[in-house]
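Enquirer: Structure below; questions to follow.
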Amino acid sequence: MKKYAGSIFMLIVFETIAITLWLSKGNLFYLFNFSYIGCSISLGLFLYAKKVKHARSVVQFLVGMYMLLYLGLMSNENMQIEGFWYYLFTGVFEAATIHYAVAKIFGPLIFGRGWCGYACWTAMILDLLPFKVPQNPRKEKIGVIRYVMFALSLIFVGSLFLLQVGNLERIMFFSFLIGNILYYLVGIGLAFLLKDNRAFCKYICPITVFLKPMSYFSLMRVKVDKDQCIGCNKCRHVCPMNVDMTDNSRKRENGTECILCFECVESCPKKALKI
Ligand code: SF4
Ligand code: SF4
Ligand code: SF4
């Protein structure tokens, strides 16, 4: 049973959120929404424990497509960062605000950047590209772009409210549509340019402004058993996010970049890495 602990744990976490929100908000949608996401993640972890190939991709598509197609395009919920600002300014603690609170602000205290590894619809496509292992060193300086993107999204939505622009719901829908197309184009272009599938995540994505500081304190993180480690560095060579998982401290190199993909855990010949 021990190997299924992660799967059971995530199911319990999401069912707790689903039932709490359903009862406190009196809205059955939350029960369905968070149960679906929890079951998808739990299924992925179960398949991973069973050593099924592409288990993580299964979750990425189950959750990513649900969010992109059903919530985003069919239900007109802008789940991008501008949608978060929009609902925040309207004072409505619903959909996008709850989504951000759970997946990107407070949830990372428990499951780190699990969102980035298992649920993000942008990364769902980026992870299919040919550069799973980055082929160039990181370019830390351009990471400042994420803060520019963060500020621009806030200024964009803030201006709509200040200028009292009408038909905001429609604008939010089209910004979701256009924003996603741009994210895919930039993400794919950058992956080929820098030979790194996750270049967009490392330098451009504004959501990391929330994700990185919160995941610093994450309960779930890869740890090394120093007694078993032989220092072969195989783990570091396969990491898509350039994390130094052979250092157990919170301050390890790129520690807040870990997306819990378990590639390092799988590559270790000594089974020295564990969550
Ligand atoms: S960093 Fe941004 S684009 Fe990348 S997986 Fe996380 S949320 Fe998605
Ligand atoms: S390879 Fe290991 S350290 Fe790197 S992102 Fe995946 S789980 Fe995290
Ligand atoms: S792959 Fe395993 S043994 Fe090799 S450095 Fe990493 S943790 Fe140590």
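Enquirer: Run the reach check for Lys53 against aspartates and glutamates, Cα to Cα strictly under 18 Å, same-chain hits fewer than 8 apart removed. What comes back?
Expert: Output for Lys53: Asp127, Glu263, Glu266.
Enquirer: Which of Ile259, His237, Asn248 sits closest to the plus end of the dipole of the stretch 221-275, meaning its Cα is farthest towards the positive end, when Lys and Arg get +1 and Asp and Glu get -1 on the C-beta?
Expert: Selected residue: Asn248.
Enquirer: Follow-up. Starting from the Cα gyration tensor of the chain, multiply each eigenvalue by 5, take the square root, and state the resulting semi-axes largest first in whole Å.
Expert: 31, 23, 16
Enquirer: Tell me which DSSP H helices of the chain clear both cut-offs, 18 Å or more of axial length from alpha-carbon atoms and a mean Kyte-Doolittle hydropathy of at least 0.0.
Expert: 5-25, 28-49, 145-162, 168-194
Enquirer: Treating only the Cβ atoms of Lys and Arg (+1) and Asp and Glu (-1) as charged, compute the dipole magnitude of the stretch 56-215 about its Cα centre; round to the nearest 20 debye. It would help to have the intermediate numbers written out before the result.
Expert: Details: 13 positive and 7 negative charges, 144 e Å.
Magnitude of the dipole: close to 700 debye.
Enquirer: Next question, about the same structure. What's the exposure ranking of Trp22, Trp115, Trp121, going from fewest to most Cβ atoms within 10 Å?
Expert: In order of increasing Cβ crowding within 10 Å: Trp22, Trp121, Trp115.
Enquirer: With the calculation restricted to Cα positions, what are the radius of gyration and Dmax of the stretch 221-275 in angstrom?
Expert: Rg and Dmax of the stretch 221-275, Cα atoms, are 9.7, 25 Å.
Enquirer: If you don't mind, another one. For the residues Cys201, Cys229, Cys264, what sequence is obtained by ranking on other C-beta atoms within 10 Å, fewest first?
Expert: If I rank by nearby Cβ atoms, fewest first, I get Cys229, Cys264, Cys201.
Enquirer: Now a separate question. Under a Cβ-Cβ limit of 4.7 Å, which cysteines in the chain have nobody to pair with?
Expert: Isolated Cys, the chain: Cys39, Cys116, Cys120, Cys201, Cys205, Cys229, Cys232, Cys239, Cys258, Cys261, Cys268.
Enquirer: Report the full-extension gain for the segment Phe217 to Val144: residue separation times 0.36 nm, less the Cα-Cα distance, to one decimal in nm.
Expert: 24.1 nm is the gain from fully extending Phe217 to Val144.
Enquirer: So what is the calculated 222 nm ellipticity per residue for the chain, using -39500 (n - 2.57) for each DSSP H run with n of 4 or more, over all residues, to the nearest 500 deg cm²/dmol?
Expert: Working: 14 runs with 152 residues, N = 275.
Value at 222 nm, helices only: -16500 deg cm²/dmol.
Enquirer: Here's a follow-up. What number comes out for the charge environment of Tyr203, summing +1 per Lys or Arg and -1 per Asp or Glu over other residues with Cβ under 12 Å away?
Expert: Numbers: positive: Arg138, Lys139, Lys141, Arg146, Arg198, Lys202; negative: Glu140, Asp196, Glu257.
Once all neighbours under 12 Å are counted, the net charge is +3.
Here, each number is a calculation from the coordinates, and none is a lab measurement. Since the structure is predicted, the reported quantities are computational estimates derived from the model, not experimental observations. FYI the Cβ positions are ideal-geometry reconstructions off the backbone, even for glycines, and counts take in every protein chain you see.
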